[in-house]
Structure formats: structure tokens, C-alpha cells
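Working notes, beginning with the structure itself.
The values are calculated or read from the model by the stated rules, or taken from the named source; none is laboratory data. A quick note: this is a predicted structure, and the numbers were derived from the prediction, not measured. Cβ placement follows ideal geometry from the backbone for every residue including glycine, while neighbour counts extend to all protein chains displayed.
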Amino acid sequence: MRIIRVAWVFAGLMVMQGVLQAQTQKAVMPNPVASQATVKPETVGFSSERLGRLHALLQDEVDKKQISGFVSILARHGKVVEVRNGGQRDIATGAAMTKDAIFRDYSMTKPVTGVAMMILYEQGKWLPSDPISKFIPEFAHLKVFKGLDADGKMILADPDHAPTMRELMSHSAGFTYGFGATPVDGLYRDAKVLQSQNLQAMIDKLAKIPLLYQPGSQWVYSVSMDIEGYIVEKLSGQTLPDFMRDHIFNPLGMKDAGFYVPAQKRARFVTNYRPDAQGNLVVDGGGIGLPADFSTEPTMPSGGGGMVSTAEDYYRFAQMLANGGTLNGKRILAPATVRQMTSNHLPPSLLTGAFGGGMHVMRPGFGYGINCAVVYDPPEANLPDGKGTFLWDGAAGTWFWVDPTNDVVFVTMIQRMGSPDNHHLQYTSHAVVYGALVDPAK
Amino acid sequence: MRIIWREPATRAALAALLFACNLQCALAQQAKPQPPAHPAAGLTEVKPETVGFSTERLERLHTLMRQAVEQQQVAGVVTILARHGKVVDYRAYGMRDMAAGSPMGKDTIFRDYSMTKPVTGVAMMILYEEGKWLPSDPIAKFIPEFAHLKVYKGLDADGKMILADPEHAPTMRELMSHTAGFTYGIFGNTPVDKMYRDVSPLSSKNLQEFIDKLAKLPLAYEPGKGWTYSVSMDIEGYIVEKLSGKPLAAFMRDEIFKPLGMKDAAFHVPLEELNRFASVYWVDPKGGLTAKPTGVIPARDFTIEPTMPSGGGGLVSTAEDYYRFAQMLGNGGVLNGKRILAPATVKLMGSNHVPVELLTGQYSIGLQVLRPGFGYGYNCAVVFDPPTANLPEGKGTFFWDGAAGTWFWVDPTNDVVFVGMIQRMGGGPTTWNLEYQSRSVVYQALVDPRK
């Protein structure tokens, strides 16, 4: 009991310290993206008045207690148009959401792992046509699930072709996540693939589980980007967090990006919520199999969902991609590599509406590149974005997009775990942001 | 729709008014290029050559319209042609009323009928930009009355309807592109069309009653599996009211008509403007025109504000009103500094949203045949591949027309806007197709499209 009270006091102190820090920061540095030029919306084609709808959209979610709080960044032509925050970092303590709040990125880790892979691609370490087993010999004899026989036993077959790196990077190699209803998903759950002690243990488990489908014949959201994390380690000789730190986070100034939140930053860590059966926000207790404890460096860094960052950290990453691989003179990738990463890699036969998750439906105009979705024909996909817009989101509702045609970057961070409303809010923000881009020629 | 101002007592008074107006118009035209008074106040008019048109070749447009009047294809016409936001050609031909001998004027008010649909589309897109709905939303999210719509699957041996649950709930995208499963009841002859005719949803007292009637009718086909011209835009009118909290007429007035200066655009013609309201004619099977109604479009009294505003066909306007609306779209959502929509939203509205496998020629309404290169966006047709569609305009041209023959198009590639207003019901394959004839004639006059 006493310990708990001490913890509360400690937490309170941390919060107070956070507030003080934020106030001090405010005096010294008006906003956390001060290192980026912040400009009036009109100078880059946005209407200030119409951008009011974006704030209304997000603030309305807070006011209706649908989300606890948000930090949102919009930029065009590499210039930040606005950074907005609202609501609370923690509802119980009443701590306000601050622009330097740290969020669980979950699947928004995937594009970062994608960039790590593309760095190694540029170093000549792998090719899209390579079989995955070239780098993971444990996968040399993967079987493919073909259904159940009369006794309920799995029918297995050899793959038509060895799954390739391209398929791995576009969720079409045959892996799954373990959240689905198929017998193969059941095997993932039984083996606790995502809760492995380390990446080698994860690979060893996956080596014994059949592929869910013939490589290239479906699109299924999967552990593929966790497998990529293992490949990054193997090809670079560094741990995944170290590789990302040295090659992505440090050069780009992503100060709080990492795979855990160190004690001294804990006060800025946003509480994660989820809607209960009645739709009310309750603190999320984890337990669905995704990383939930961010207090220590994980023994198995998840390339598919393990990162935390501030909104600004992720904005820096996204802006680097929008700039064709560079930010503030730090070159991460070449333009051609970014383009390759963010082009559709799914055949038309998979873009029929039969595959996808939530509102990310693979369909004509909307495909999947390397570790991100790609809107290659926006009107066809029913979206207002520019051609070639790429995007993804995370299980706690964070989302971003990069629009190379209009040179727009958008990042919004919330922490609402697993809500079906997350996608709706995400796509509504597309409608509202493009409704404010009144002078795209600027 | 018996036309009040045909009655002798008012006719004399109106003739006087008419004369005054004609005089005023004539004076205003002489006074050009001096400012206002002219109905095109706020519009820039330029010599055709400055924006790539040949004055000489545009004479063919005038000849076409004159001949249409002379040969009694139409009583009268008003056309407006613009490029790069500047009016190139703006003329009135023929009669506003043949019996009275009153000439067509630039300030004549017309029944827009289905040209209301793109306006309702813009109303919907305004709400889309406000984050109020998404194309992927089920319609039932906004109209719970539609939560249990069935789909017509044919007739059983006893001639009874076979009904099934839809494979997916019809979506807003499908509603906006006539692919949700609704029909009109007046054009088709399917068992579902007959049910529409029996309950006559479009003759409801108000939009709520209209929705309640539709909730009891099955969809005519699986959502997304067909294209049928339909009451969908009337349904949208109901959604506009629900999402905005305003009557459709008030929403359009505040958000579209007033900002754009569409002075006479409305769902009825007020008494004091009736002297400018064009008479409507029907194609006479014996040749020429008749004032006697024939055909399937129900008559309507345009002199009173309707209790059920029709988002699919209820508007009246002058040619200039509609030109202002179309030019706003041509400009990517803005006119004279008044921003209605953002360019990306206009592009979304004016892009094809019908699955290409439906663009085979099997779906059509009147002369508008969905086919390769010719699809349907949100509340308007879209020519996404003009040569394949056998049309001379630029890629991405979007357009529609009305039951009384009015037509318009917006060509974003050539930055051309055209509006043509007539009042002829029942035009068909044997009558002049001014909508497409004018396309040929306008583009043959665009001799320097780079200008």
C-alpha cells in the first residue's frame, strides 16, 4: 500500500516536473519542431480557416471522450504548417497532452523497419528476388497449409516457389500474425511466436509452422516485418535497435524513438486506452499479444510493432521519405530507393477487395509496397490524396501519410488500442486535410 | 404546373414588365463593357481568340442553335461558353414562350431537373470535407431506416418476389454513383420499378416520408453489381439535411447559391419572377413542339416551395446561375474568391467511381450510355478516356443534363465550361441532340487549345 502511494507521489512529481519542463521549454523553444521551419498555412497552399476543421475533428473526439488526447503535425514542402495537441496524456492524473509526449507506434514501426531493410538493399546486401531462405536457412523447408483432411489433420504441400524477399516485404509470402481464425493462426498462438524470448527463438518457431497460403497468392497482414528485423540484425551484425539508432534515429534527430521508454522519460509516456464494450475509454491492460511493457529494452525487438516515439520523431522520419530519403542534409536513402519502397508491389489479382484489414482494403487504386500501403490511383481508391501517397498506422491508432504528388506529410498520434473507429478517424482526416489544401499549385 | 402568367389578366401586366426588362437588357448590352446591370455581372467576357477559340468557327455554334429554333426543335436556347474562367460566348435564341411571343432572355429561368444532381453532389462534398461522411460508410449509418433493405432476386413460380439480404450493406460511394441498388420507378419496367410506381416515393409530402417509403422497397439489384439511374440523389438530399441540420434548400442557399451569386437558383420560382420563367414544351409525336404534357416525368408546380425538395431534380436557375456553379467546379472549387470545395475534392467528385466491368454499354439512361472511357463519378458522368468514348472533349470532362434538355459540361483538361438551357421534355433519338452536337461544334472551334 505504501509503495503504491509512494509510486503515485513519484508519478505526481514526474507529472509536475513534466509540466515545468514543458513550460520552461515553451519559453526557450516555442514548439518541439522549432528545428523545422514553421510557416503560415497560406504560404504553402493551405487555408487556415479550413484547417480549423482538422482541429475540430480531433478535439471533438477528445470532447466526446472517444480519445484521451492527440498530437498532430501537418507539413508541406518540408515546412511544418502546424503542430497541434489536445486532451490528456493521462486521464486519471489529468496530465495534459504535450507536444513532446511519447507514444506506442506499434505497426508504424513497419515502415521504419522497411527503411532499415532498404538501407541494406542499397548496400547490395539483398535483392527482392532473393528467396527468404538465403538469409534464413531455417526457412528452407517451409510447407504450405492446404486445408484439413477428414480426420481434421493439416494437409501440407511444398510451396510452388520459395517465398521471396519481395513477398516478405509486401505481406504476400505466406506468413500470418496469429490473430486470425485459421488453423495456422492457431499454431502461431500456441507457439507464442510474438512473445518469443528473442528473434532467433521466433525464427525457430516459425520454421516449424506451415505458410498459410501459397507465396504470392494472397495478402495477409503478418509477422513478416518481425522477420525483417531478424534479417536486419543478420545482415548488419548489429541488433535491430542499435541499427535503427545509428542509421535512422540519430541522423534524423528522432530523440525519443526507441524500443522502450527509459525511466527519465516515463513522465512523457502517454497512457494507452481502449474502448470497453460500452465504448467508454478504459486503460488498456495489454494481453492481446503485442508488446505492452515498454519499461525495459525488450529481449525480442519487434520490427513489426515495437517502437515508441514522439509525433515529431515520426514526422522527421516521414519527412525524410517525402524528401526522397534525406532530412536536414542527412541522407538515409536515395530517391529511387524510396520510390521503390513506396510503389505498389501487389499483382492486380490481389487488389480485388478480398484482402486487407479494417478500412485498409486492397483494391483497385490501393495496393501495398514495401512495409506500407500505397495509393497509386487515388480517385479509383476513393481517396482525395495525391497519386503515390503511402501510409500506415498502428494498433493504438497512430497514423501517418506521405503524399509525394502534393508534397504533404501528416502524422497524428493517439493511444486508443484496437478500436474499429481508428481507421474511420484516419480516413476522415484525409478528407479534411485535402479539403483545406485550397491552392495545391503553391 | 399550369402556367399562371398565361392567364389574360396577368399577361398584359407581364408584357409591360417584359418590355421593361427587354429594354433594360438591351440597354445593358449596349452599355457594355461598362459594369453591372448585365446579368453576367462579375463575369469576365473576352474575345474568343484570346483563349484559343476561333470567332469564325464559333459561328457554327450560333448556326446550330438558330436552326434548332427555326426548325422548332426547341422554343429557345441560352448558351454560355467559357474558357480559363472567362466567358467567350453568351447568347439567347428563340422564344421563352411561343404563344405569347416573348423572346428568350439571358435572365430566363429554367427547370434544371437532373442538373440538380451535381449541385446536390457539391452539397454532399461540402459535408465530406467537414469530415461528416466517408465513401466507405454504409448508407444505413446515416439512414437507420435502411438497415434492413432486401435485394430483389427475381420471381418464383407463383410470380412472387424472391428477396435476399444484400451481400454487403450499400455504401455511400455506391449511393453517389447510382450503383447502390435503388431505381427511379419511372424509367424501368422491372417488378421493383412497379413497386416504386405504386408507392410513388418522389411524390411524398416530405423527405422523411420519402425515406420511409423506400425503406419498405427492395433494392433492384445487388449493391455495386449494376448501374441504374435512381432516386439516390434525392436520398442524398435527405442526408444533407440530416448531417447539416438545415433544410436542403437553405443549405444550398447558404453554402452554394449565395457565395456563388446564383441569384435565381432555388426549388421554386417566386411570383415576382414568374415573368422570367420559361415555358416548357414536349416533343410532339406529329413533329415540332406542344405545350401539352406527354411522357413519364410527373408535372410539378414550380411556383410554390416544395414540401419535399428534390435533390435529384428540383432546382430552377438561369443559365448564368448554372454557369457560375459549373465554373466553380472548373476552377477547382472556387469562384470570385468564394471557396466552396478544395481541388482534391472536386477531382474526387469528377472521377469515375463505377467498376470498369460495369462499363460495357449495358447500362444507360436516355442517350447517356456507360461504356469504356465513359463512367460515372459522384452525381455526374465522367469521360475519363474521350477517344475511347468517341467524344472530342478533354480527359476528365464531367457533366450531366436535365429532363427538360438543359445540359452542361466541365472540361478540366482544356479548362472549358459550357452550359446550354432549353425546355423540351421527351427529346429522344429522333430529336436533335443539342448536348452532343454542341460538343462537336465547340471543340471544332477550339483551334488553339494551348492558349
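Residue count for segment B:337-382 under the criterion of being more than 14 Å from every other protein chain (Cβ to nearest Cβ) and either modelled with pLDDT of 95 or more or assigned to a strand (DSSP E or B) (or both): the result is 15. For segment A:305-324, the count of residues that are more than 30 Å from residue B:396 (Cβ to Cβ), within 14 Å of another protein chain (Cβ to nearest Cβ) and either assigned to a loop (DSSP other than H, G, I, E, B) or touching a His at 6+ places or on another chain (Cβ under 9 Å) (or both) is zero.
Inside segment A:280-304, residues that are at pLDDT 90 or above, more than 27 Å from residue A:243 (Cα to Cα) and over 19 Å from the mean Cα position of the chain (by Cα) make up a count of 4. When segment A:80-134 is filtered for residues that are more than 22 Å from residue A:58 (Cβ to Cβ), hydroxyl-bearing (Ser, Thr, Tyr) and surrounded by fewer than 19 Cβ atoms within 10 Å (Cβ to Cβ), the ones remaining, listed by number, are A:129, A:133. Counting the residues of segment B:365-383 that are buried (at least 23 other Cβ atoms within 10 Å of the Cβ) and either basic (Lys, Arg) or without any contact (Cβ under 8 Å) to a residue 40 or more places away in the chain (or both) gives 5. The sole residue among A:211, A:235, A:252 that is more than 23 Å from residue A:96 (Cα to Cα), aliphatic (A, V, I, L, M) and touching a Gly at 6+ places or on another chain (Cβ under 7 Å) is A:211. Restricted to segment A:414-442, and to residues there that are charged (D, E, K, R) and more than 10 Å from every other protein chain (Cβ to nearest Cβ), the residue that is nearest to the chain's Cα centre (by Cα) is A:416. The residue of segment A:175-201 that is surrounded by the fewest Cβ atoms within 10 Å (Cβ to Cβ), among those that are in a helix (DSSP H, G or I) and touching a helix residue (DSSP H, G or I) at 6+ places or on another chain (Cβ under 6 Å), is A:191. Can you pull out every residue in segment A:371-385 that is part of a loop (DSSP other than H, G, I, E, B) and more than 8 Å from chain B (Cβ to nearest Cβ)? Result: A:371, A:372, A:376, A:377, A:381. Does segment A:118-144 hold any residues that are more than 28 Å from residue A:339 (Cβ to Cβ) and among the aliphatic types (A, V, I, L, M), and which are they? If the condition is that a residue be more than 28 Å from residue A:339 (Cβ to Cβ) and among the aliphatic types (A, V, I, L, M), then A:140, A:142, A:144 are the ones that fit.
Suppose the filter is part of a loop (DSSP other than H, G, I, E, B) and over 23 Å from residue B:299 (Cβ atoms); does residue B:89 pass it? Answer is no for this residue. Please state which one of A:390, A:294, A:355, A:366 is hydrophobic (A, V, I, L, M, F, W, C), under 22 Å from residue A:126 (Cβ atoms) and in the same structural domain as residue A:430 (by TED's automatic domain parsing). Going through A:390, A:294, A:355, A:366 in turn, just one is hydrophobic (A, V, I, L, M, F, W, C), under 22 Å from residue A:126 (Cβ atoms) and in the same structural domain as residue A:430 (by TED's automatic domain parsing): A:390. In this structure, is residue B:316 farther than 13 Å from residue B:123 by Cβ, of a type in the set (A, V, I, L, M, F, W, C) and within 14 Å of chain A (Cβ to nearest Cβ)? No: the conditions fail for residue B:316.
Within the set A:390, A:410, A:400, the sole residue that is buried (at least 24 other Cβ atoms within 10 Å of the Cβ), within 14 Å of another protein chain (Cβ to nearest Cβ) and assigned to a strand (DSSP E or B) turns out to be A:410. Checked against the criteria, residue B:74 counts as crowded, with 21+ Cβ neighbours inside 10 Å and assigned to a loop (DSSP other than H, G, I, E, B). The criterion of being more than 14 Å from chain A (Cβ to nearest Cβ) and aromatic (Phe, Trp, Tyr) holds for residue B:110. For the criterion of being free of Cβ contacts under 8 Å to residues at least 24 places away in the same chain, under 20 Å from residue A:213 (Cβ atoms) and either over 17 Å from the mean Cα position of the chain (by Cα) or more than 12 Å from chain B (Cβ to nearest Cβ) (or both), residue A:346 fails. If you check B:295, B:314 for being crowded, with 23+ Cβ neighbours inside 10 Å and either acidic (Asp, Glu) or in contact with a Gly (Cβ under 9 Å, 6 or more places away or on another chain) (or both), only one passes: B:314. Might you check whether a residue that is in a loop (DSSP other than H, G, I, E, B), within 24 Å of residue B:450 (Cα to Cα), touching a residue at least 24 places away in the same chain (Cβ under 8 Å) and within 14 Å of chain A (Cβ to nearest Cβ) occurs anywhere in segment B:388-400? Within segment B:388-400, one or more residues are in a loop (DSSP other than H, G, I, E, B), within 24 Å of residue B:450 (Cα to Cα), touching a residue at least 24 places away in the same chain (Cβ under 8 Å) and within 14 Å of chain A (Cβ to nearest Cβ).
Only residues that are surrounded by 22 or more Cβ atoms within 10 Å (Cβ to Cβ), in a loop (DSSP other than H, G, I, E, B) and of a type outside the set (Val, Ile, Thr) were counted in segment B:415-429, giving 2. If we scan segment B:322-333, do we find a residue that is out of contact with any helix residue (DSSP H, G or I) (no Cβ under 6 Å at 6 or more places or on another chain), part of a loop (DSSP other than H, G, I, E, B) and in the same structural domain as residue B:422 (by TED's automatic domain parsing)? Within segment B:322-333, one or more residues are out of contact with any helix residue (DSSP H, G or I) (no Cβ under 6 Å at 6 or more places or on another chain), part of a loop (DSSP other than H, G, I, E, B) and in the same structural domain as residue B:422 (by TED's automatic domain parsing). For segment A:249-289, taking the residues that are part of a strand (DSSP E or B) and in contact (Cβ under 8 Å) with a residue 12 or more places away in the chain, the one that is surrounded by the fewest Cβ atoms within 10 Å (Cβ to Cβ) is identified as A:283.
The residues on offer are B:237, B:185, and the sole one that is in contact with a Leu (Cβ under 9 Å, 6 or more places away or on another chain) and at pLDDT below 95 is B:185. Evaluated against (1) touching a residue at least 40 places away in the same chain (Cβ under 8 Å); (2) under 26 Å from residue B:448 (Cβ atoms), residue B:98 falls short on exactly one condition, (2). When segment B:321-336 is filtered for residues that are among the small types (Gly, Ala, Ser) and within 14 Å of chain A (Cβ to nearest Cβ), the ones remaining, listed by number, are B:332, B:333. For the condition within 14 Å of another protein chain (Cβ to nearest Cβ), charged (D, E, K, R) and touching a residue at least 60 places away in the same chain (Cβ under 8 Å), what is the one hit in B:167, B:129, B:145? After applying the criteria, what remains is B:129.
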